[in-house]
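In what follows, a single structure is set out as structure tokens and then discussed.
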Amino acid sequence: MKGIVSKLLFLTNYLLIIFYMSWNINQKQTAIGSGVPLLISCLMLIDVTYISSCNIRESKVMNLFCGLLALDSWYLLLSVEEGGIEQIILTALHPIICYLSIKFILMFLFQGSGYKFRKATNLLLFITCINSLVGIAISGRAFACLYGIQFLAGWLSFFFVLTYHRKRVVFVLKSEWKGILFSVIVITIFFIAYCIATINVKNHIANFGIYLPMLLFLMSIHGIVIKEHGNYPLSTVFNKRETAQILCLSLFALGLMVVFMGGSDKELFVAINALFSFIYICNIVLGLSLKQGKNRIIKESKYKSALRQLQQEELLKTEFANFLHDDVLQDLLSIKNMMTKAHRPDIQDIIIETLDNLNTHIREQMQDYHPVILKNLTVKENYQNLIETISQSFPQRNIVVSFDCPDTLFLVEPYNVLIYRLLKELLSNVFKYSNGKRAWVMLTQENSIIELSVSDDGNGVPDILLAADKEKHKGIASITEQVNKMDGSIIISENTPHGICIQITMPMKGDASYQYFVS
């Protein structure tokens, strides 16, 4: 539902801009008639429709990027105006774009997950933005002062967060350096062309830098869209070749209509925007139909991937069915059989104990199928909660767990979920099978290498564990298989002075991770 609302907002914004362009060209004949702001704004709006249409999974970072492009298109159109309501709107756009640009960059860098000083930074950005908007109603001097405070405080807090989490920044730069470098080159070329084309326009580059930072991730966002094979609702009906042919013919027909009707290049821009707004409407309607299951058209090129997904879903359903039959159903049947004797206190105790165990088992299974990793918490805080939950699941075992993990640790998706599952399995095994009193968990990430170590002071012997039957120790076998698939390694050794130490090492790759996150 939220995705549809955002698309409708983008569509409404698009229609308002088309109306403003038409009114400005026909009535005011102002500097917008130079054509350059119209062209760039047109390209931005088309990009909004493309990214938003491809955002089938309703990613917040993509929606925020589209929102910034939409605001930037307004900024370009209004920046050449003088006086009137346009200047008031343009003034209000400054603090809003500044606020959203910083928020977008932080969201992209941290994949929307929690990090230290996140709440304080978001609160500071929001309050200073509101203050700047209030300053508009007071006076020009008040706005200049408050906006200056917002700009300074916002970017200082931004650089403070990046400095504190510099390892994260370095990781992103190493992962996305090609996309960022390409973005810098493209932005530089277009900026130079824009400056040359609008050199006779007053204030043509005034405050241009307020939305340049977020464009550094322009190619990264488009790279993610391309990695997703450019999926958008109309792609289920037309392939890329057919889409290109229809688009070219439509643009050609529009061009002929404008020429025969005596229109200029400015009218052509408006017509092109009208065409893409219509395409966007078709994408929205078709997307709704696909989600509701009214359209069953499946491209042959997607057959193999669909079959693979079907096989994975069937395997998951089989595992879940076995869990329901072997665990839940058996306990429910035993409770049903005891209900005839439920008046006896001892039977009541057995029923309560069985229900408690069933409740705990179901919760554990839910965590296995879908781990709860809260976005508003840091990685360390999420794993601390996991360790506490595991300890509470084994009240009969008095094992003290020491957790060593830096506050600035970050794990990009889906590695955070994978490590969560591995830690849960390994630590649960300690509580189940170790006869020790202490356990140690160490988790680090240095130079894009994740290291997880779980050890105990029990009487376990590594050789016996390594030689154990994989059918009887499916947990270790499954962990080893998952780690090997991720190009990692697992070492099982003795813990000093006694016990077992299991150490997992695996690389954390960023490019595929950001595709997973945003898409």
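Test of understanding: among G135, G114, which residue is out of contact with any Asp or Glu (no Cβ under 6 Å at 6 or more places or on another chain), in contact (Cβ under 8 Å) with a residue 12 or more places away in the chain and not in a helix (DSSP H, G or I)?
G114
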Sole exception among (1) under 18 Å from the mean Cα position of the chain (by Cα); (2) farther than 22 Å from I490 by Cα for N398, by number: (1)
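Please go through the stretch 256-266 and pick out each residue that is touching a helix residue (DSSP H, G or I) at 6+ places or on another chain (Cβ under 9 Å), at pLDDT below 80 and not hydroxyl-bearing (S, T, Y).
Result: V258, V259, M261, G263, D265, K266.
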Kindly indicate the residue of the stretch 85-111 that is aliphatic (A, V, I, L, M) and within 21 Å of the chain's Cα centre (by Cα) and also surrounded by the most Cβ atoms within 10 Å (Cβ to Cβ) among those meeting that condition. I102
In the stretch 372-427, how many residues are part of a helix (DSSP H, G or I), open to solvent by 30 Å² or more (accessible area, probe 1.4 Å) and more than 19 Å from I500 (Cα to Cα)? 10
Any residue that is within 26 Å of I88 (Cβ to Cβ), modelled with pLDDT of 85 or more and not in a loop (DSSP other than H, G, I, E, B) - is there at least one of those in the stretch 189-202? no
In the stretch 474-488, residue farthest from S453 (Cα to Cα) [restricted to those that are exposed (fewer than 14 other Cβ atoms within 10 Å of the Cβ) and under 28 Å from the mean Cα position of the chain (by Cα)]: K485
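Considering each residue of the stretch 428-445, count those that are within 16 Å of N459 (Cα to Cα) and open to solvent by less than 20 Å² (accessible area, probe 1.4 Å), and give that number.
The number of residues fulfilling the criteria is 5.
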If a residue must be at pLDDT below 90, surrounded by 20 or more Cβ atoms within 10 Å (Cβ to Cβ) and aliphatic (A, V, I, L, M), how many such residues does the stretch 121-176 contain? 1
How many residues of the stretch 127-144 are out of contact with any helix residue (DSSP H, G or I) (no Cβ under 7 Å at 6 or more places or on another chain) and of a type outside the set (A, V, I, L, M)? The answer is 3
Test: residue in the stretch 67-79 that is crowded, with 20+ Cβ neighbours inside 10 Å, part of a loop (DSSP other than H, G, I, E, B), at pLDDT below 90 and in contact with a His (Cβ under 8 Å, 6 or more places away or on another chain): yes
Among residues belonging to the stretch 428-453 that are assigned to a loop (DSSP other than H, G, I, E, B) and within 17 Å of V172 (Cα to Cα), point out the one that is nearest to the chain's Cα centre (by Cα). S448
Scan (1) closer than 19 Å to M44 by Cα; (2) modelled with pLDDT under 70; (3) of a type outside the set (S, T, N, Q) for the single condition F217 breaks and write down its number. (2)
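The values are calculated or read from the model by the stated rules, or taken from the named source; none is laboratory data. No experiment lies behind these values; they were computed from the predicted model shown. A quick note on method: Cβ atoms are made from the backbone with ideal geometry, for glycine too, and the neighbour counts reach across all protein chains shown. All accessible areas refer to the heavy atoms of the entire protein, side chains included, with ligands and DNA or RNA removed. Shrake-Rupley method; radii C 1.70, N 1.55, O 1.52, S 1.80 Å.
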